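Chemist: My questions will all concern the structure given below.
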Amino acid sequence: MSEAALALSLFFHIGATVIWIGGILLITFFVVPELNRVLEGQPALAAVLRRLRKRFMPLGNLALATLIVTGLLQMSTDPNYEGLLRFSNRWSQALVIKHLLIIVLALVGAALQLGVLPALERASLLIERDLGDAQDMARLQTREQRLTLLMVALAMLILAVSAWLTAI
């Protein structure tokens with residue numbers, strides 16, 4: 001890969017990292033808690049959170065896909081890379097850890113996006129129409145919070161392993 005192509009790949013990789021991890025952190029630790037504080041107990045809260053999810057999810061998924069593609073390109077150009085399924089140096093061993101964390105993260109994200117969020121959306125629509133069960137909504141919100149915090153923890157671990165890979 002040429003120097004210019006590698007630089008472009010790094011640019012997109014870093015930009016996608018900022019969008020994906022920065023977006024998750026911003027939403028998880030600032031936006032959602034503030035919305036919960038301001039709109040507590042109001043049906044509008046569910047609608048705002050639903051709209052926020054719908055706006056961020058495609059961008060977050062695109063950023064994650066960009067991270068995977070650019071990461072694979074960069075991996076193949078690294079002088080420590082010895083080939084597929086070859087783990088004879090510390091760099092490749094650390095890379096396996098990073099890839100395993102990414103797989104776990106993808107599975108958690110899939111569980112959230114394909115399981116919890118659709119159920120949460122249905123529950124919030126029912127609540128807006130005064131047909132929903134508040135306990136069911138609370139249970140789903142707790143599950144969403146736990147999975148989101150797990151994603152944050154995994155993302156931080158992936159960043160730590162990335163730093164480790166750079167230092168090796």
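The values are calculated or read from the model by the stated rules, or taken from the named source; none is laboratory data. Treat the numbers as computed from the prediction; the structure is a model and nothing was measured. When we count neighbours, we look across all protein chains shown, and the Cβ atoms used for this are built from the backbone with ideal geometry, even at glycine. Just the protein is used for accessible areas: all its heavy atoms, side chains included, with ligands, DNA and RNA removed. Shrake-Rupley method; radii C 1.70, N 1.55, O 1.52, S 1.80 Å.
Chemist: Only residues in the range 22-35 that are over 11 Å from Phe56 (Cα atoms) count as the first member; pair them with residues that are acidic (Asp, Glu) and at pLDDT 90 or above, Cβ under 9 angstrom, at least 6 apart or cross-chain, and list the lot.
Modeler: So the pair list comes out empty.
Chemist: Here's another thing I want to ask about it. Select from the range 112-123 the residues that are open to solvent by less than 50 Å² (accessible area, probe 1.4 Å), hydrophobic (A, V, I, L, M, F, W, C) and more than 13 Å from Arg139 (Cα to Cα) and list them in ascending order. Talk me through it step by step, then tell me what you get.
Modeler: Going through the range 112-123, the residues open to solvent by less than 50 Å² (accessible area, probe 1.4 Å) turn out to be 112, 115-120, 123.
This time we only want the ones that are hydrophobic (A, V, I, L, M, F, W, C), so: 112, 116-117, 119-120, 123.
Listed by number, the list holds a single entry, Leu112.
Chemist: Kindly provide the set of residues from the range 129-138 that are surrounded by 15 or more Cβ atoms within 10 Å (Cβ to Cβ) and part of a helix (DSSP H, G or I), ordered by number.
Modeler: Here is the first cut: in the range 129-138, the ones surrounded by 15 or more Cβ atoms within 10 Å (Cβ to Cβ) are 132, 136-137.
If the condition is that a residue be surrounded by 15 or more Cβ atoms within 10 Å (Cβ to Cβ) and part of a helix (DSSP H, G or I), then Asp136, Met137 are the ones that fit.
Chemist: Related question: If you check every pair at least six apart or on different chains, which have Cβ atoms under 8 Å apart with a residue in the range 44-72 that is farther than 28 Å from Leu10 by Cα first and a residue that is open to solvent by less than 50 Å² (accessible area, probe 1.4 Å) and not in a helix (DSSP H, G or I) second?
Modeler: Qualifying pairs under 8 Å: Leu45/Leu39; Val48/Leu39.
Chemist: Restricting to the range 140-168, name every residue that is closer than 16 Å to Gly115 by Cβ, surrounded by 15 or more Cβ atoms within 10 Å (Cβ to Cβ) and at pLDDT 90 or above. Let's see the steps before the verdict.
Modeler: Filtering the range 140-168 down to residues closer than 16 Å to Gly115 by Cβ leaves 140-148, 150-151.
Subsequent filtering for residues that are surrounded by 15 or more Cβ atoms within 10 Å (Cβ to Cβ) retains 140-141, 143-144, 147-148, 150-151.
Leu140, Arg143, Glu144, Leu147, Thr148, Leu150, Met151 - these are the residues of the range 140-168 that are closer than 16 Å to Gly115 by Cβ, surrounded by 15 or more Cβ atoms within 10 Å (Cβ to Cβ) and at pLDDT 90 or above.
Chemist: Something else about it: Return a yes/no flag: does the range 35-56 have any residue that is surrounded by 14 or more Cβ atoms within 10 Å (Cβ to Cβ), modelled with pLDDT of 90 or more and out of contact with any Leu (no Cβ under 9 Å at 6 or more places or on another chain).
Modeler: yes
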